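What follows is a short report on a single structure.
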């Protein structure tokens, strides 16, 4: 991603947060450590307090997209709850290029704030149970710490029970 596009997405994120009049904290992040597991390990953040914004695509014509927010400790139920809610026979995670085209952000920086166009945002109920969460900041060089209730100020938001599950122990 070129530098100006990165700046645009970071600016859009901060602009929307300010417009929503919610409290937030920008956390600078080494871009090489932006992926959740690396970020949590290197910055001392519990995965239970880190939320991933994942673009999911319903395989239909035209394709249907939704941005799902899930705790790093959970796995999205793509082929169950999400597929059924999308009303498609198949659903999958969007690829990196598709994610960038739809959200204007690269994987490791995707967030529900500052999206370039309206997109349904589905939040797993477990996210709302945390005192605060860390989400992407629009680029790989920053994260945002926020109270989950701030997410409810976004448009097109729905909190969904069992959108994600804890992985089964092996």
Checklist line | Lone unmet requirement of (1) under 21 Å from residue 148 (Cβ atoms); (2) crowded, with 18+ Cβ neighbours inside 10 Å; (3) without any contact (Cβ under 8 Å) to a residue 24 or more places away in the chain for residue 105 | finding: (3)
Notebook entry, point to check: Among the listed residues 110, 127, which satisfies the condition of being in contact (Cβ under 8 Å) with a residue 60 or more places away in the chain and buried (at least 20 other Cβ atoms within 10 Å of the Cβ)?
Noted result: 127
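All of the numbers you see were taken from the coordinates with simple rules; none came from a lab. Small disclaimer: the values here were computed from a predicted structure and weren't measured. No Cβ is skipped: glycine too gets one built from the backbone with ideal geometry, and neighbour counts run over all protein chains shown.
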